[in-house]
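Structure first, then comments.
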Amino acid sequence: MNQVITDGLVLMPPAFANGLGVWSRQDGRPGSDTWATSPNAALVAADADFGNCFEIIKTEATTRLRYMGQTPILPGLYLRVSARIKVLSGNFPSVRIAAWAGNANNQNLTSVTQAGPTTTLSAYGAVVTVSAIIGTGARGGVDMAWGPQAAFGHMGIDLTGPNGGQVRIESITIEDVTSVFFRKMMDWVDVRDFGARGDGISDDRDAFVAADAAAAGREIMVPAGNYFIASSLTINTPIRFEGRLIMPDGARLALNRNFDLKGYAEALGDDVLGLRKGLQQLFNQSDYESFDLCGRRVLLDGPLDVQAIVGNRNTYANRRVLRNGQLAAQSAPAWADEVHTRNGTWSASDARRITGLSNVADIPVGALVTAGQGVGREIYVTSRDVAGGRVTLSGALRAAPVTQTYTFRRFKYLLDFFGWLNLQRFIVSDIEFLCAGLCSGLNLPRDGLAFQIQDSYFTGPKDRAITSAGEGCQGLQIDRCQFLSHEQDVAAPLRTTIAFNANVSDIKVRDNRAVRFRHFGVIAGTGNILSGNHFFQGDGVTDGPRTAGLVLADNNIKTTFEGNYVDNCYIEWGNERDPSPQFSGGLSFHGLSLDGNIFFSTGSAPWMNFILIKPYGAGHFINGLTVTDNLFKKTTGPQLLAVEGIDTSFATLDLGRTADMLFSGNTYHGIVKRTENPVTVRHVQGTASSVWNVDLSDVSPFGSEVRGGISFLAEGPLRSASNVIIYVTPYAEPGQGAGGRTLRMRWQQDVRGTAQITARFDV
C-alpha cells in the first residue's frame, strides 16, 4: 500500500529553489517567521553534491527549519522524513529530523515525541543523510508515534550543538513507507516466506509448520500453487488458501481453526476431498466433536466408505457428529449394485449361516440376501469365511431348504459405515441425502450403540434410505426425518424401496414422515418405541392392495407404537426369522401396544387390515396385545371389513389360547366390524326363553372365540312368558355357535327382557 500512488496523497514539500517563504524558522505554523528574509540563509545554485540547495549559518542554540504546509497524518500511514546535509566550515553541529504535531483543531500534541534521533556531523564536505519515521502507531522502528489524535505535521530538521557552522541542505524528503511495516500490520504470514515452493513436487510440510509457529495469532496465507504435504500436518492457526494442498490418502490434515467443510474444501481445492479429509480427522482428534458441512452440497460419484477413509482404526466410541449440508449422487458407474448368485446349504442348527458357497471372497459383506424360500426381509451378510466357504447373516433363516440358490446384492450408499466393526454414539444431523434414484442413503456400522439420525432428509433412495446390515442399530434413534421415495408413481405392491430396518433392540423412531415406500420400517429387534411418525403408502389404484408400513419380524416384540399416522398401509406382525417357526414354547405373539394412533385408508381394497398377524408356523397365539384409543378410518370405496386380521399363508393362530388382549376406546369410521375386547353389548330378548344366544361375531378380535361372560345387568324388569316380573340369575356358556363367537345365557325358566352383557375373547 502506498497512498501517494493509490489515493493521490501529496506528501513532498516544494524544492528550496521555489522560494523560502514557505519554510519557517520556528514551528511552521502560519504567521511564523520564514527564512526568506533571514540574513544567515541563502539559496545556492550549483553545489557540487546537491545542485540547487539551501545554505544556513547556525546562529541559534536550536536552529529550526519547518515546512509550513500541513503534511497529513492518517491511521495506518507511516512517513519517512529525511534530509541530506553537509558542513562546509566552522563548528560541527548536530542534526535531527523534527516536526510540529497538530490535531484536527490545529493544536499541538505536546505529549508526543516531535524529534527524531540526533546525528553529530564530524567531517567537512561529507554528505550525511538523516531520517526518522512518523506515524500514528507505536510500532518497532517508528521514531515519532503520534497516536490517533494526530491529523498533520509541519516537517523539517533541527540543528543543535555549537553555533558558527556553515551548513548546506539538499532538500526535505517525505515518503510513504507503510510497506516497511506490512509484516507487522497485516494479519497473516505467507508460507512462501518460510520456504514453501508450491510446485506440487517438493514437500512443503516444514514450511507450513514454521509458518504456523511464527503466526503468533495471525492467519496463515497460502498463495496460488500446489503444495505437496507428504505426511500428516497440524495447523493451529487460522489459514487462508488461494492455492491447494496435495496429500497422500493416509496423511491426516488437522485444521484446528478451520475445522469444517469450507476450510477443508479450500485447503484441498475440492469439496469431496475436503469431506474425506474432514471425516478422517474427525475420528483422530479430541478438539472438535462435529464436522460441519456449512450448508454446502457435496456432489459424489461414488460411495463414501467412512472407515476406509479414516483408515487407521475400525472401532470408535466417542461422540461424533456430521451435520448441516447435502450429499448428492451424480450419475456414475460406481453406484451400480454388486450382485452374485451362489448355491448354498443351510441348517436350522446353525440358522444364521449359509455354507458350501463357492468363491466366497467375491460376496461382499453388507449384501442383502434373497432366495426362493426361507429368507426373511432385510437379511444381510455380516461376515464371510473365505477358507470355510460360508457367510454369517444378520438374522436367522426360516425353515429354508437344505440347498438352494441365494442372491447376494450389495447396495451402494452415499454414506457407508459398514466397515466399522464397532462404532458408538455417532450422530448424523441436518443432512440431506439426495440419492436421485441412483443409490441408497446411509448404511450403519457392523456393530455399535446409540447411532442417531436426526432432522435429515432422504430423497429418492434407489433401494434403501437407512440400512442396518448388522447390529450397529442397537439403541438406534431416528428423529424428525423426512423420507421421500423415488417410486412415487409406482403402484404400492410393485415398490421395492424401504425407509429403514433394524435387527437388534431398543430403537427409537420419532416424529418422522415417509412417503410411498414399500415399507416404512422392518424391525426384527425388541424393546422399541415408535411415536409421532406419519408414513403414507397409497397409490392411484382403485380398491387396490396396500403394503405393510411397518413389518415386525419378531413375535415377542416388546414394542410401543403411539401417536403415529398409519396412512394407506398397515402393521404386519410375524415371526419370519424363526428357524423353527412352529410354536414350541415361550410367549408366542407378545408385547405389542398400539395406543392413540390414526389408521387411515382411502380407496384401498376392502379386505385390507390395519393390523395383520402373520404366523409362519402352527401353534402360535396372541399373548399380549393392546389396541387402545386409536382412530380407524376408511373413505372412498367400500368399507373395510375389519381393522385386524390373520395372514394364513403359512399357518393360522390358535385363537383358543388368546390371552391379555385389549381392544378398547377405539373409534371406527367406514369399518364394518367394530372390534372390542372386553365388549359390552345391549341384548334384547323379545321372546321369553331359557336360552339367550348373544352373537358377538361382529366385534370379535381376529375371529377369536368368546372365552367368558364378565357381567350381566338387566335394563328394566325381566319378565316370564306370562309377563310376570321375575327375579332370577343366568349363567354363561362361552364359546358357542360357529367359531365359538356366541355367548349363551341360560336361565332357570323362560325369560324375556333387555340387558347389558359384557364378555371377553381372551383369558
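Every number here is computed from the coordinates shown, using simple stated rules; none is lab data. All of these numbers come straight from a predicted model, not from anything done at the bench. For neighbour counting, all protein chains shown are included, and Cβ atoms are generated from backbone atoms with ideal geometry for every residue, glycine included.
So what are the chain's ellipsoid semi-axes, whole angstrom, largest first, if each one is the square root of 5 times an eigenvalue of the alpha-carbon gyration tensor?
94, 32, 18
Where the centroid of each part is defined by its Cα atoms, how far is segment 634-700 from segment 543-609 in Å?
18 Å
What are the trypsin sites (Lys or Arg not before Pro) within segment 343-442 that DSSP puts in a loop, where the Cβ has at most 16 other Cβ atoms within 10 Å?
R352
Find the relative contact order for segment 421-554 and round it to a whole percent, using C-alpha pairs within less than 8 Å whose residues are 6+ positions apart.
Across segment 421-554, relative contact order equals 20 percent.
With charges only on Cβ, +1 for K and R and -1 for D and E, what is the dipole size of the chain about its Cα centre, in debye, rounded to 20?
Using only the charged Cβ atoms, the result is roughly 700 debye.
Considering only Cα-Cα distances, which of the following residue pairs are longer than 22 Å: K508/K633; K262/K462; K558/K634; K634/K673; K558/K614; K633/K673?
Cα-Cα > 22 Å for K508/K633; K262/K462; K558/K634; rest within.
In whole Å, what is the distance between the alpha-carbon centres of segment 206-268 and segment 728-763?
Value for the Cα centre distance between the two parts: 85 Å.
How long is the gain from S231 to S649 if the chain were fully straight, where each residue apart is worth 0.36 nm and the alpha carbon distance is subtracted?
Length gained, S231 through S649: 144.3 nm.
With an 8 Å cut-off on Cα pairs and a minimum separation of 6 or more residues, tell me the relative contact order of segment 3-182 in percent.
Here the relative contact order equals 31 percent.
Which one of S231, L273, G311 is farthest out on the positive end of the charge dipole of segment 187-313, using unit charges on Cβ (Lys, Arg +1; Asp, Glu -1) and the Cα centre as origin?
Farthest towards the positive pole: G311.
Looking only at segment 676-702, which residues have a backbone nitrogen under 15 Å from a spot 7 Å from the Cα of N723 in the C-beta direction?
687-688
Between D543 and L641, what is the FRET efficiency for a Förster distance of 22 Å, r being their Cβ-Cβ separation, to the nearest 0.05?
It comes to 0.95.
Place the peptides 248-256, 619-627 in order of packing, highest mean first, counting for every residue the other Cβ atoms within 10 Å and averaging per peptide.
619-627, 248-256
With contacts defined as alpha carbon pairs under 8 Å and 6 or more residues apart, what's the relative contact order of the chain in percent?
6 percent
Under the Kirkwood approximation for Rh and a Cα-based Rg, what ratio Rg/Rh is obtained for segment 591-684?
Using only Cα positions, Rg/Rh for segment 591-684 is 0.98.
Between D750 and A491, with labels modelled 7 Å along Cα→Cβ, what's the label distance in nm to one decimal, could you check?
With each label point 7 Å from Cα toward Cβ, the separation is 5.8 nm.
Tell me, in nm to one decimal, what length is gained between S711 and R218 on full extension, where the rule is 0.36 nm per residue of separation less the Cα-Cα distance?
The S711-R218 span can extend by a further 169.0 nm.
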